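Data block below; observations after.
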Amino acid sequence: MRRQEKEAEKAALDATPQVEHPRQITIKKGTHFDSDVDVKDVPEVPSRGSSWNISRPAGGRFLDHDPVFSLGEKYLFLATKRGVHVYSTADSLLVRTLFANPNDTVTSYALSSTNPNHIYVAHSAGDIILWDWTSGGEVLTIPSKWAIRAVTIAKVHRTEYDTIFTIESEKTKNGVRDHIVARHVLWKAAKTTEMSLYRWKRDDPLLFLKVLDGGNVIFAASAKELVVGSDGHHHGDSDDELDPIKFKERYTWREQPSTVDITCLDAEARPRHTDQDVKRSDKLGQMKYNLVYGDAQGSTYIYEDILHKMEQREQNKKLEKSLKPRVDRWHREAVSTVKWSLDSNYVISGGKETVLVLLQLETGKRQNLPHLTSAILSLTVSPKGTSYAVHLADNSVMVLSTSELQPKTNIPGIQSLFTSTTPSLLPQVPTITSLCQVSDDPVDAFGRTPAVNNPHNPNHLLLAVPASQDNSVDINSPAPAPFLQTFDAFTGRHVTRQALSRNLAITANIGPDLTKLKEPNVTHIQISANGQWLSTVEEWTPPAADVDFTVYTKDKVVSEQKRRLETYLKFWRWDQESDQWVLETRVDLPHQSPNNPVANRVFDLVAHPRLTAFATTGQDGVVRLWTPKTRLGDGTVIRGAKGEGAISWRCSHSIELENIPAVGDAGLDFPAVPAPTKAKLAYSNDGSILVATQESSKAYEAGLVHFFDAATGTLKYSEPAMYLGGLIDIGFLGRYFIILSDDLRVWDVVTNKLIYGFKLRIPHKLTPMQKTAMSYLALNVSSNTFAIAVPKTNAGTADMLWGPEDLFSTVTIFNPARPDPIISYDTASPLTALVSLTGTSGFVVLDASAEYRILSPKNSTMSLSSTVNGEPLQIEAVKEEEDIQMEEDDDDAVPGAERGDDEDMVDLMNDEKRVVRPEQLAGIFDNGPSFALPPVHEIFKSVVGLYGKKATA
């Protein structure tokens, strides 16, 4: 009978004429799909205007670039690839953003040396834009025929204009060749003169550029060689400076090979101050130039008066040893940044040890500032020498006082999982950790960021984030995420950050055998419907080096690692007083299989849409429902620290899914059943039904979906063949049940019909694990829409050769009742999270470059703030003390501030914008105790009188 039904169904499908969209298919209860069911490709979105908005990208990683202080140290300049952000050091808030062109990215930036209100920003396309950062206006665009890697600005002696020094890359038939280029900028006349001062003839790129003493000395370096250009104490008039030939001929270039890999560099110019130096100043010059650089092995090399010693060596080869540096060894790994202090008495360095090291040169003593929670990427000393700006690998910047080393400013960005598709130019030294963790496939570096929207505050995203992400280390695996970041997606501001698992913030991050210690990874995160409870799942796998001695053959190391996998289910309560999540219950190995000791992972975690409850499923093939319970001791309620009843979480129901026949596993020493490889859960919108499905390596019943009573855990019915395989996610939207797998299927569970289905053209080169990591399903109840995201490539066909830089994601939004996509959008890089906004219509799209966009209907009230979204800010022009100082309005000039009510009403009639002083509001509300207050309608009338405006005839 079943075979006849299938043949009749297939004949009916074949006889149906081809239409633009997939046909509806009626599936009788208990019947199965053939694998050749007609599921069409996703139709293209019509070219007509969409009813949805796509915000401009926000967030992003700060560039691996030294932070820049304003001259008065009131502002700090930080850049992402989308633009340069101006932050206030007083309150850590964003003041303005100087956006790059949509199809361009920022590569470097530097303040003007002649006008502190101007900043130069270099872009990947080759242009340099001069901005007036106080007003946000462009002053001048300077074109370049080559790509620009580094920019520094100097005011050349005997001139009154800026000279831009850059490292630029020229593409030739012999490869890429770097140039050191100088440009004189006469911005008032909109005129520039350009000249190439030095052409680098080697294949390895120039990485660092430092210009000292008004352009008299130029330091540049690749990973293996140091380049020094000096003008030989050239003296001429200002007209010679504008002549490209004369300006180029003034420099003498010297090259100094390095025996180590240079990873960072800094240089300074100091007047000669000792008696011996002053006596020889005519011979040696008025200035001496000091150099310091760090290497990939963790050492710093200090050269004092290096230019003079290089000149001496040229005159007398016997003085070769005079160029020998002073070497300091403290860092265990590569030095990320090194700087001279303003007084030249200290050398400050930082690296992956999360420690800021200050070396006093005169005594050789060190002062360490440990436990900065993340690796140090770069460092800047402020113009007055009173502050250090430290850029950390968790995408944050901290400003420390130099006297007390106490933080004064903290500017965190979004800290979600970041994957760079551009290889680092810095030299790398293989370590035990990197050799053990590197995957052969760079696509494995793309992972998921567990994320959820807070229903108590829809503006906030809760993200599981890594402690540190260093772009200079090419390890093809996602960083573990042991921290929780609360991020306001609509203002672009960090809110809070706390630990969800044990971490290395205040402990050593390296073991006795020099292997990097690995932190637990939070794989799932969900929040209850009332926003008061948070549930997380974390995993920790011991390194292979820690378990290889327990097995007699190397091929069993992976099985031993799986057996020792630690899995925890945690329940957190929101504490209003401390503004953080407090751990209430931890469940160890919540899904440990009794038949297979290596099967204990948790596959999915979902929250009940109405009640305070959660559900999980895992490798043991069991669904568990978790509910809170008040703790009792001897029949009485156990009180918490604040007197309330203490809450613990328990498993209220355990539901075993389909039984899979036992099959011996040749990779184990004992027989075991094949554990499920995937499993997903979903609640109906009213919380009455819980749906579960799972897959295993042995497809005994493909697409089998179980429907349970969510209150009692009893099975209502099971439906086979609802999908073919490759499970990714499932969800409910009203009466519609959506399944995302190798294809997309939308079912009407009331009529038991397949409404429509689409094939997903995913690149064949991706493994099932990679496909699952980069595919998403999100459902928005408010707008009755759902969004899917699948990986795509820029290659012409799926079988062409492509790399991780060619990957991106396509986000498509549907109405479950209609097969026409509402909107489709291609991201710049693969997604790491797709989150539905609770209580409003829209989705947040977060990609692997840590940038996010908000997709929402045009009639939605939710949008990015003006600071995040790039709209011009209405602030006064900035002029700091001595050079730049913020102008403020004088409150005493507010009309009607000290006058009577009648005069105030006259002002309201004449002024479009009313300014109300706090004293005026205090006069209305501060009228004694609450019982003595006037009626509410009188208070309301008084407030309206302050803010309102009289209607005109």
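Here are the numbers:
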| quantity | calculated |
| --- | --- |
| Modelled FRET efficiency - R0 35 Å, Ser135 with Lys155, Cβ distances, 0.05 increments | 0.95 |
| Region 473-590, relative contact order [Cα under 8 Å, separation at least 6], % | 17 percent |
| Zone residues, region 76-117, relative to Glu194, backbone N less than 11 Å from point 7 Å out along Cα-to-Cβ | none |
| Contour excess over end-to-end distance, with Cα ends at Thr172 and Ser782 and 0.36 nm allotted per residue | 214.0 nm |
| Note, ³J(HN,Hα) from phi for region 506-513, Karplus 6.51, -1.76, 1.60, rounded to Hz, x at Gly and Pro | 10, 10, 5, 9, 9, x, x, 8 |
| Theoretical gain in end-to-end length, Arg56 to Glu404 [0.36 nm per residue, Cα-Cα removed] | 121.2 nm |
| Inter-label distance, nm, simple model (7 Å from Cα along the C-beta direction), Phe940/Asp820 | 4.5 nm |
| By average C-beta atoms within 10 angstrom, highest first, the peptides 139-149, 502-512 | 139-149, 502-512 |
| Extension gain, Asn794 back to Asp203 (0.36 nm per residue minus Cα-Cα distance, nm) | 209.9 nm |
| Sorted peptide list for 107-114, 339-346, 542-549, criterion being average Cβ within 10 angstrom, highest first | 107-114, 339-346, 542-549 |
| Per-residue ³J(HN,Hα) for region 478-485, Karplus 6.51 cos²θ - 1.76 cosθ + 1.60, θ = phi - 60°, Hz, x for Gly and Pro | x, 6, x, 10, x, 10, 10, 10 |
| Amide H contacts under 5 Å for Gly413, placed H, 5+ residues apart | Ser396, Val397 |
| Per-pair calculated FRET efficiency, R0 = 45 Å: Asp709 and Asp546 via Cβ, rounded to 0.05 | 0.50 |
| FRET efficiency for Gln312 and Asn457, using Cβ-Cβ distance with R0 set to 51 Å, rounded to 0.05 | 0.15 |
| Amide proton proximity set for Ser378, modelled H, under 5 Å, gap of 5+ | His391 |
| Sequence ranges 482-489, 781-788, ranked by mean other-Cβ count within 10 angstrom, highest first | 482-489, 781-788 |
| Entries in Lys516/Lys562; Lys753/Lys792; Lys81/Lys352; Lys171/Lys309 that, when Cα-Cα distance is taken, lie over 28 Å | Lys753/Lys792; Lys171/Lys309 |
| Entries in Lys188/Lys246; Lys155/Lys248; Lys74/Lys339; Lys678/Lys771; Lys173/Lys224 that, when Cα-Cα distance is taken, lie over 19 Å | Lys188/Lys246; Lys74/Lys339; Lys173/Lys224 |
| Approximate spin-label separation Ala508-Asp555, in nm, with each point projected 7 Å along Cα-to-Cβ | 3.7 nm |
| Interchain or long-range residues, amide H under 5 Å from Lys408's placed H | Val399, Leu400, Ser401 |
| In sequence order, calculated HN-Hα J values of region 586-595 (Karplus, 6.51, -1.76, 1.60; Hz; x Gly/Pro) | 10, 10, 8, 6, x, 10, 6, 6, x, 9 |
| Region 487-534, relative contact order [Cα under 8 Å, separation at least 6], % | 22 percent |
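Just so you know, all these numbers are worked out from the coordinates, no wet-lab data involved. If you're wondering where the values come from, they're calculated on a predicted model, not measured in any experiment. Glycine also receives a Cβ, built like all others from the backbone with ideal geometry; neighbour counts cover every protein chain displayed.
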